[in-house]
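We did not get these values from a lab; they are worked out from the coordinates using the rules stated. Values in this document were obtained by computation on a predicted structure and should not be read as measured data.
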């Protein structure tokens with residue numbers, strides 16, 4: 001099989017299809033699980049790649065395009081994003097029935113985005129006709145009142161990789177706690193580093209201010225000494241001239 005999964009959804013739910021494909025392909029399988037062989041002979045590697053994301057909507061036609069048919073035949077699982085939009089999409093329902101006709105009914109996983117499965121209300125029904133009672137292949141419920149995005153996503157991971165959900169989700173929670181702890185330690189380290197740098201900057205500033213004050217005081221003392229020396233020199237010169245005038249007057253007498 002070329003694809004780990006084929007994502008089927010309504011074009012109105014495109015952002016959910018993009019989100020699921022991106023997250024599935026970027027999820028790292030735990031190291032100690034890699035290498036396990038699944039029931040169809042597939043071997044778990046580091047990533048669940050590639051994932052085929054459905055076209056938006058094909059032009060009005062009774063048959064899916066050749067590319068879609070090939071992708072369906074080469075996909076281990078069909079992931080159906082269920083909402084009132086997909087429940088009304090003839091193409092989503094066609095992909096489901098084609099996948100079922102290939103003998104892969106057990107490999108269909110439904111992920112509820114909105115609405116209610118088997119509600120009987122056309123405006124609120126989330127399951128396409130091919131998935132309604134008694135099939136109900138629910139894998140995850142992304143609604144807030146259901147599993148939520150995180151748990152719902154890991155139910156899909158558990159289904160595709162044939163892993164125990166509780167075990168894989170506990171691994172995720174432990175990894176999340178380690179990341180939070182690491183983030184906290186990094187944050188504390190950064191805070192202490194910046195605090196240390198701020199204290200060092202204050203010390204350096206105070207030292208510079210003291211040096212500046214000492215330099216100013218030395219400059220003023222030097223200037224004062226120079227002014228005193230200049231004053232004494234002027235006084236000495238004045239006395240010397242006065243003495244010379246006195247001697248001259250005395251010689252004239």
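For the chain, relative contact order (Cα pairs under 8 Å, six or more residues apart, normalised by length) works out to 14 percent.
According to the calculation over all Cα-Cα pairs in segment 161-200, the P(r) per 5 Å bin from zero is 6, 21, 14, 14, 10, 11, 8, 6, 6, 3, 2, 0 %. Across segment 1-56, the relative contact order, built from alpha-carbon pairs under 8 Å that are at least six residues apart, equals 52 percent. Note that the chain shows a convex hull volume over its alpha carbon atoms of 278 Å³ per residue. The antiparallel fraction among DSSP beta bridges confined to segment 3-163 stands at about 10%.
Estimated from helical segments only, the mean residue ellipticity of the chain at 222 nm is -19500 deg cm²/dmol, where each DSSP H run of four or more residues counts as -39500 (n - 2.57).
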